[in-house]
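The values are calculated or read from the model by the stated rules, or taken from the named source; none is laboratory data. Computed from a predicted structure; not experimentally measured. Positions of Cβ are generated from backbone atoms using ideal geometry, with glycine treated the same way; all protein chains shown enter the neighbour counts.
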Amino acid sequence: MMKATAVAPSNIAFVKYWGKSNDALTLPNNGSISMNLAKLWTKTRVEFFPSFKKDEVWIAFFGEKSQLMQGTKADRVIAQVERLRKLAGVTFKAKIVSENNFPAGVGIASSASAFAALTLACVKALGISVTQKKLSILTRLGGSGSAIRSIPDGIVEWIQGSSSDTSYAKTLADETYWDLADVVLVVSTEEKKASSLEGHEAVNTSPFYKARLQTLPQRLKIVRSAIRQKNLQLLGEELEKEALSLHSVAMSCDPPIFYLNGGTFFAIQDIYELRSKNIPVYFTMDAGPNVHAICLQKDMQKIRAYFEKKPYIQHIFTSEIGKGARVIEEKR
Ligand code: DP6
């Protein structure tokens with residue numbers, strides 16, 4: 001029996017990965033920075049066994065029994081297992097059992113945590129010995145680029161690189177460094193109409209994409225420096241500009257891609273309102289309408305209570321900065 005279980009966090013990007021130079025290798029057009037979310041994670045168990053007849057992917061949605069997955073979602077998982085199996089020279093089929101600790105279908109991306117947990121569990125079960133840098137590279141090859149940043153601990157940078165071996169993730173500051181928090185404001189639970197994949201593929205149809213790329217080296221510098229100084233205002237102002245830059249590109253694609261909705265703009269207005277009352281909190285959105293309110297831990301409950309009363313809010317999750325992917329069980 002070759003078996004391992006891993007847990008990996010979701011992450012929220014401060015500087016976002018948007019657009020790639022190589023689809024097969026998932027090489028990004030820019031470096032990106034995110035923080036891991038301690039309270040939102042995926043746990044995945046992988047077993048390889050000679051008597052298994054075929055690969056099976058089981059997912060237990062929050063509060064529900066495990067169900068057998070089929071179609072594109074299962075195919076993407078199996079493709080990553082196959083890549084790692086080849087590397088290890090193993091031919092046994094696999095059973096993959098995965099669960100999220102947050103409800104599925106509430107519009108919080110789970111592919112970053114899912115692909116990070118899957119890759120680490122496979123690598124351990126197969127006995128592939130890797131450095132953390134190499135593990136991040138193997139995770140990136142799974143196709144969910146942002147999953148690379150769920151491997152190292154804390155606040156993480158994905159170094160753009162120029163080849164498969166130089167595009168990897170590393171910790172900028174560990175999870176104990178800064179008492180930052182994320183209040184995730186879920187304003188829609190509908191499946192988004194355009195996937196991130198479609199967004200990455202459409203970037204060159206936006207006349208603003210080149211201009212966005214030109215701003216990013218300076219933005220990365222500012223965000224690294226804000227983290228070094230633990231300066232929330234500097235970080236917050238920059239991450240708001242960054243979110244608006246990404247969504248301006250998406251909306252100016254041909255045809256346009258809208259990830260934001262009315263609830264997003266209500267939440268942004270209310271974040272400005274909180275700031276006018278001297279509560280330091282800043283917004284960012286990934287490829288979806290939900291708003292991440294980045295703040296200090298000491299203000300997290302106050303901000304949550306404020307938003308709980310708003311009619312446009314459907315769910316709220318709160319989280320501190322978390323560790324990266326880790327193994328919780330291994331048997332070989
Ligand atoms: C806007 O290609 O990693 O979240 O596989 O759907 O998770 P999924 O998306 P991926 O693109 C992520 C885009 C982003 C920004 C970011 O996380 O950097």
(message) Give me the residue from the stretch 30-56 that is of a type in the set (V, I, T) and within 14 Å of the ligand (Cβ to nearest atom) and, out of that set, surrounded by the most Cβ atoms within 10 Å (Cβ to Cβ).
(response) T42
(request) Scan K73, K124, K86 and give me the residue that is at pLDDT below 95, in a helix (DSSP H, G or I) and not polar (S, T, N, Q). (result) K73
(request) For residues that are surrounded by 22 or more Cβ atoms within 10 Å (Cβ to Cβ) and aliphatic (A, V, I, L, M), scanning just the stretch 279-304, find the one that is nearest to L197 (Cα to Cα). (result) A287
(message) For the stretch 167-185, check the following and say yes or no: at least one residue is within 15 Å of the ligand (Cβ to nearest atom), β-branched (V, I, T), under 18 Å from I33 (Cα atoms) and part of a loop (DSSP other than H, G, I, E, B).
(response) no
(request) Tell me, please, whether a residue that is within 20 Å of the chain's Cα centre (by Cα), in a helix (DSSP H, G or I), more than 16 Å from the ligand (Cβ to nearest atom) and more than 30 Å from I279 (Cα to Cα) can be found in the stretch 209-221. (result) no
(message) Report every pair of residues separated by at least 6 positions or lying on different chains whose Cβ atoms are under 6 Å apart, first residue within the stretch 7-18 and assigned to a strand (DSSP E or B), second within 9 Å of the ligand (Cβ to nearest atom) and among the acidic types (D, E).
(response) none
(message) Just to be sure I understand the filter: pairs with C-beta atoms under 7 Å, separated by 6 or more residues or on different chains, first member in the stretch 182-203 and farther than 11 Å from A287 by Cα, second member near the ligand (Cβ under 10 Å from one of its atoms) and of a type in the set (V, I, T). Which pairs pass?
(response) D182/I12
(request) Among the residues of the stretch 305-332, count how many are part of a helix (DSSP H, G or I) and surrounded by fewer than 18 Cβ atoms within 10 Å (Cβ to Cβ). (result) 2
(request) Under 9 Å between Cβ atoms, at least 6 apart or on separate chains: pull out the pairs that start in the stretch 60-89 with a residue that is of a type in the set (A, V, I, L, M, F, W, C) and end on any residue that is loosely packed, with under 14 Cβ neighbours inside 10 Å and assigned to a helix (DSSP H, G or I). (result) none
(message) Name the single residue that is nearest to A211 (Cα to Cα) among those in the stretch 245-270 being of a type in the set (S, T, Y) and part of a helix (DSSP H, G or I).
(response) S245
(request) Could you grab me the full set of residues in the stretch 167-194 that are within 22 Å of F14 (Cβ to Cβ) and not hydrophobic (A, V, I, L, M, F, W, C)? (result) S167, Y168, K170, T171, D174, E175, T176, Y177, D179, D182, K192
(message) Within the stretch 1-29, take every residue that is surrounded by fewer than 24 Cβ atoms within 10 Å (Cβ to Cβ) and among the hydroxyl-bearing types (S, T, Y) and give me the one that is nearest to R326 (Cα to Cα).
(response) T5
(message) Being touching a Phe, Trp or Tyr at 6+ places or on another chain (Cβ under 9 Å) and either at pLDDT below 95 or surrounded by 12 or more Cβ atoms within 10 Å (Cβ to Cβ) (or both) is the filter here; which residues of the stretch 57-70 pass it?
(response) F62, S66, Q67, M69
(message) Regarding the stretch 233-256, can at least one residue be identified that is at pLDDT 95 or above, of a type in the set (A, V, I, L, M, F, W, C), surrounded by fewer than 21 Cβ atoms within 10 Å (Cβ to Cβ) and more than 20 Å from Y17 (Cβ to Cβ)?
(response) yes
